[in-house]
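The values are calculated or read from the model by the stated rules, or taken from the named source; none is laboratory data. Keep in mind it's a predicted model, so treat the numbers as computed, not measured. With ideal geometry, Cβ positions are generated from the backbone for all residues, glycine too; neighbour counts draw on all protein chains shown.
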Amino acid sequence: MSTCRICEGPVKEFLDLGRQPLSDAFPEPGGTEGEFFFRLAVGLCASCTMVQLVEEVPREKMFREDYPYHSSGSSVMRAHFEATARRFLETELTGPDPFVVEIGCNDGVMLRTVSDAGVRHLGVDPSAGVAEVAREKGVRVRTAFFEEATALDIAATEGRADLVYAANTLCHIPYLDSIFRGLDALLKPDGVFVFEDPYLGEIVDRTSFDQIYDEHFYFFTARSVQAMARGFGFELVDVERLPVHGGEVRYTVARRGARTPSDAVDALLVEEETRRLADPATLDRFADAVARTRDELVALLERLRDEGRRVVAYGATAKSATVANYCGLGPDLIAYVTDTTPAKQNRLTPGSHIPVRDPEAFSAPYPDYALLFAWNHAEEIMAKEEDFRAAGGRWILYVPDVHLV
Ligand code: SAM
Ligand code: TMP
Ligand code: ZN
């Protein structure tokens with residue numbers, strides 16, 4: 001049994017996804033020797049209910065100069081973050097000389113709108129490559145890991161912030177005690193911390209076990225976030241469900257007593273209690289469903305191979321590392337994966353070593369089947385790739401279960 005990273009309570013493991021590579025490290029063909037592997041397993045804290053990985057991957061291995069994920073690669077996500085920025089500009093950032101800090105600003109997908117509005121901002125991101133792309137958009141960025149020391153330095157040099165925001169980043173950070181001490185130093189007395197991450201409730205509902213990979217250390221719920229915030233002297237004051245990335249929740253936390261919690265917080269807490277989201281039995285059933293998905297997907301892909309069908313995959317997502325390595329998918333079952341990210345192209349998928357090719361390869365000629373690894377962008381991709389289905393191609397999805405479209 002391991003120890004909770006938040007409250008030091010006992011963590012009971014409920015799902016083991018086996019030996020896994022870094023999800024965002026794409027080796028060159030012939031360069032697969034020194035690949036890093038770790039044991040990807042998830043557990044539930046019996047005290048604070050935080051669901052978390054049981055093994056931690058060193059942060060410098062994941063978030064590097066050449067971190068390949070660019071947030072602006074999806075038009076839906078660009079629109080989502082532009083709307084988010086506009087909302088902040090109309091709500092939290094209306095006082096005199098407002099200041100917003102974003103943890104994990106990546107290529108500036110959210111802060112570019114804030115910068116264009118002339119509002120004081122600072123992005124913090126350790127991945128130098130994406131940070132440079134953000135700077136080219138006029139966004140101010142510090143290439144650093146956000147933690148207590150970074151926050152103290154920002155507060156000292158730039159003043160306190162009205163808003164600290166983190167999208168798809170807080171769940172990547174095991175050391176949340178340091179983050180909350182930093183927030184305490186950086187936020188104005190009435191300032192808020194807003195963060196959005198994949199929601200455990202959706203992961204369980206959709207059996208989307210591919211949300212579990214090295215970078216996703218925590219799987220939040222309203223209950224676990226409320227317990228965590230209280231433990232660090234803050235309070236969960238609002239929650240909002242978001243449709244992006246397969247279903248997320250946006251949490252707002254403030255200093256204790258600074259804001260009145262909204263009805264939405266209670267409503268989500270009651271919903272989680274009613275459906276027994278933090279019950280070991282619920283998570284054991286989820287683990288059984290994951291194994292079923294694996295068995296059905298492997299059976300389908302082996303049948304298609306035996307029938308001589310041409311099968312490729314679409315989107316070399318970080319999530320797909322978990323699927324490919326847990327299910328044992330390799331180039332014998334999937335000819336290649338197509339992806340728009342130049343830094344992933346002409347390389348191999350982590351651990352499973354399937355070649356990654358550019359989007360032009362997809363139609364030259366179209367395959368019989370395409371396994372949609374980027375299922376969270378299904379609407380955008382299926383609309384863009386209408387001709388694939390018109391040519392007789394079928395999509396294979398494994399969320400919420402294995403099916404063809
Ligand atoms: N916010 C963007 C979005 O939602 O698309 C980027 C999300 S990306 C999955 C996670 C980002 O967090 C990466 O750019 C990574 O470099 C950054 N990151 C990881 N640990 C961090 C830390 N301690 N402080 C700041 N950024 C961090
Ligand atoms: P994500 O699910 O973590 O956002 O990653 C999506 C991956 O899929 C990323 O590598 C970019 C790729 N992608 C495409 O190849 N084509 C597309 O149309 C979209 C939206 C993403
Ligand atoms: Zn705990």
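Of the residues that sit in region 352-384 and are among the charged types (D, E, K, R) and touching a residue at least 40 places away in the same chain (Cβ under 8 Å), which one is nearest to ligand 1 (Cβ to nearest atom)?
Applying the filter and picking the extreme gives GLU380.
Among the residues of region 148-155, is any within 16 Å of ligand 2 (Cβ to nearest atom) and in contact with a helix residue (DSSP H, G or I) (Cβ under 7 Å, 6 or more places away or on another chain)?
no
Within region 218-238, which residues are small (Gly, Ala, Ser) and either in contact with a Leu (Cβ under 6 Å, 6 or more places away or on another chain) or free of Cβ contacts under 8 Å to residues at least 24 places away in the same chain (or both)?
ALA222, ALA229
Can you say whether HIS216 is crowded, with 22+ Cβ neighbours inside 10 Å, away from ligand 3 (no atom under 16 Å from the Cβ) and assigned to a loop (DSSP other than H, G, I, E, B), as far as the supplied structure shows?
Spelling it out, HIS216 is indeed crowded, with 22+ Cβ neighbours inside 10 Å, away from ligand 3 (no atom under 16 Å from the Cβ) and assigned to a loop (DSSP other than H, G, I, E, B).
When the residues of region 311-324 are narrowed to those that are more than 16 Å from ligand 1 (Cβ to nearest atom) and not hydroxyl-bearing (Ser, Thr, Tyr), which ends up surrounded by the most Cβ atoms within 10 Å (Cβ to Cβ)?
The extreme case among them is ALA313.
Can you spot a residue in region 97-106 that is in contact (Cβ under 8 Å) with a residue 24 or more places away in the chain and surrounded by fewer than 23 Cβ atoms within 10 Å (Cβ to Cβ)?
Yes, region 97-106 contains a residue that is in contact (Cβ under 8 Å) with a residue 24 or more places away in the chain and surrounded by fewer than 23 Cβ atoms within 10 Å (Cβ to Cβ).
Looking at region 59-75, can you tell me whether even one residue there is in contact (Cβ under 8 Å) with a residue 40 or more places away in the chain, surrounded by fewer than 21 Cβ atoms within 10 Å (Cβ to Cβ), more than 16 Å from ligand 2 (Cβ to nearest atom) and within 16 Å of the chain's Cα centre (by Cα)?
Yes, there is a match, as at least one residue in region 59-75 is in contact (Cβ under 8 Å) with a residue 40 or more places away in the chain, surrounded by fewer than 21 Cβ atoms within 10 Å (Cβ to Cβ), more than 16 Å from ligand 2 (Cβ to nearest atom) and within 16 Å of the chain's Cα centre (by Cα).
Within the group GLU272, GLU215, which residue is touching a residue at least 60 places away in the same chain (Cβ under 8 Å), touching a helix residue (DSSP H, G or I) at 6+ places or on another chain (Cβ under 6 Å) and not assigned by TED's automatic domain parsing to the domain that holds PHE88?
Matching residue, one of GLU272, GLU215: GLU272.
Of everything in region 293-310, what is free of Cβ contacts under 8 Å to residues at least 24 places away in the same chain and either surrounded by 14 or more Cβ atoms within 10 Å (Cβ to Cβ) or of a type outside the set (A, V, I, L, M) (or both)? Give them in sequence order.
ASP295, ARG303, ASP306, GLU307, GLY308
Kindly evaluate VAL42 against the criterion of being of a type in the set (A, V, I, L, M), more than 16 Å from ligand 2 (Cβ to nearest atom) and in a loop (DSSP other than H, G, I, E, B).
The answer is no for VAL42.
Pairs, please: C-beta under 9 Å, at least 6 apart or cross-chain, first residue closer than 14 Å to TYR69 by Cα and in region 323-351, second within 16 Å of ligand 3 (Cβ to nearest atom) and of a type in the set (A, V, I, L, M)?
none
Of the residues THR49, THR32, only one is away from ligand 1 (no atom under 16 Å from the Cβ), within 29 Å of ARG292 (Cα to Cα), in a loop (DSSP other than H, G, I, E, B) and not assigned by TED's automatic domain parsing to the domain that holds ASP107; which?
Just one listed residue meets the conditions, THR49.
Just to be sure I understand, how many residues within region 362-385 are within 27 Å of the chain's Cα centre (by Cα), not basic (Lys, Arg) and not in a strand (DSSP E or B)?
Matching residues across region 362-385 total 13.
Which condition number in (1) over 17 Å from the mean Cα position of the chain (by Cα); (2) within 16 Å of ligand 2 (Cβ to nearest atom) is the one that THR169 fails?
(1)
Within the set of pairs 6 or more residues apart or between chains, which connect a residue that is closer than 25 Å to PRO58 by Cβ and within 16 Å of ligand 3 (Cβ to nearest atom) inside region 148-176 to a residue that is in a loop (DSSP other than H, G, I, E, B) and of a type in the set (Lys, Arg) with Cβ atoms less than 9 Å apart?
Hits for this filter: PRO174/ARG5; TYR175/ARG5; LEU176/ARG5.
Can you report the number of residues in region 220-262 which are within 16 Å of ligand 2 (Cβ to nearest atom), assigned to a strand (DSSP E or B) and of a type outside the set (A, V, I, L, M)?
1
Looking at this structure, is LEU93 away from ligand 2 (no atom under 16 Å from the Cβ), outside any loop (DSSP other than H, G, I, E, B) and either touching a His at 6+ places or on another chain (Cβ under 7 Å) or not β-branched (Val, Ile, Thr) (or both)?
Considered against the rule, which asks whether it is away from ligand 2 (no atom under 16 Å from the Cβ), outside any loop (DSSP other than H, G, I, E, B) and either touching a His at 6+ places or on another chain (Cβ under 7 Å) or not β-branched (Val, Ile, Thr) (or both), LEU93 comes out as no.
What's the total number of residues in region 15-29 that are surrounded by fewer than 18 Cβ atoms within 10 Å (Cβ to Cβ) and assigned to a strand (DSSP E or B)?
Summing the residues that are surrounded by fewer than 18 Cβ atoms within 10 Å (Cβ to Cβ) and assigned to a strand (DSSP E or B) in region 15-29 gives 3.
Would you mind finding the one in THR91, THR3, THR32, THR84 that is within 16 Å of ligand 3 (Cβ to nearest atom) and either surrounded by fewer than 20 Cβ atoms within 10 Å (Cβ to Cβ) or farther than 25 Å from SER320 by Cα (or both)?
THR3
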